[in-house]
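Here is the structure we will look at, set down as structure tokens.
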Amino acid sequence: QVQLVESGGGLVQAGGSLRLSCVASGGAFMNTVMGWFRQAPGKEREFVAAVAWDTLYADSVQGRFTISRDNTKNTVYLQMNSLKPEDTAAYYCALGRTGWRTSRIRNRDEYAYWGQGTQVTVSS
């Protein structure tokens, strides 16, 4: 059974940094897209970044966040720099579904498995 476990969230001041980690277990992930999404209170879950053979970012985090993966550890990371109060949200790790398509990796429907989330709070 596939499980995703996130860690690394917390409270940070604006301009600070955090690194999120997501460890996957229960399957083979090397050729599957992994992504990060976030959800703020009262808002829909939105795409943040994804990594397959290349990386893709939401415009709002481009240049500040970096996604990476270590396939030997089944782990995906999200390095978040220059954090802003509007980055405050619960951050979720996701694993692509069978047959995922590169053209749609911003879409939540391309992901079959989700972690429980880790809270990131950025104070002004």
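The values are calculated or read from the model by the stated rules, or taken from the named source; none is laboratory data. The structure presented is a predicted model; accordingly, all values stated were derived computationally and were not measured. Here Cβ is always computed from backbone atoms with ideal geometry, including for glycine, and neighbour counts include all displayed protein chains. All accessible areas refer to the heavy atoms of the entire protein, side chains included, with ligands and DNA or RNA removed. Shrake-Rupley method; radii C 1.70, N 1.55, O 1.52, S 1.80 Å.
Points worth noting:
- Some residue of region 67-77 being at pLDDT 95 or above, part of a loop (DSSP other than H, G, I, E, B), hydroxyl-bearing (S, T, Y) and open to solvent by 60 Å² or more (accessible area, probe 1.4 Å): no
- Here T32 clears all of (1) in a loop (DSSP other than H, G, I, E, B); (2) open to solvent by 40 Å² or more (accessible area, probe 1.4 Å); (3) among the hydroxyl-bearing types (S, T, Y) except the condition numbered (2).
- Annotation note: of A89, A24, A14, A52, the sole residue that is small (G, A, S) and within 12 Å of the chain's Cα centre (by Cα) is A89.
- Residues that are touching a strand residue (DSSP E or B) at 6+ places or on another chain (Cβ under 8 Å) and among the charged types (D, E, K, R) were ranked within region 53-69; the one that is nearest to G16 (Cα to Cα) is R64.
- On inspection, Y111 qualifies as under 12 Å from the mean Cα position of the chain (by Cα) and farther than 15 Å from L20 by Cβ.
- Scanning region 80-99 for residues that are of a type outside the set (A, V, I, L, M) and over 20 Å from R64 (Cα atoms) turns up G96, R97, T98, G99.
- The residues of region 1-59 that are of a type in the set (S, T, Y) and either in contact with a helix residue (DSSP H, G or I) (Cβ under 7 Å, 6 or more places away or on another chain) or at pLDDT 95 or above (or both), listed by number, are S7, S17, S21, T55, Y57.
- Selection status of T66, of a type in the set (S, T, Y) and more than 11 Å from the chain's Cα centre (by Cα): no
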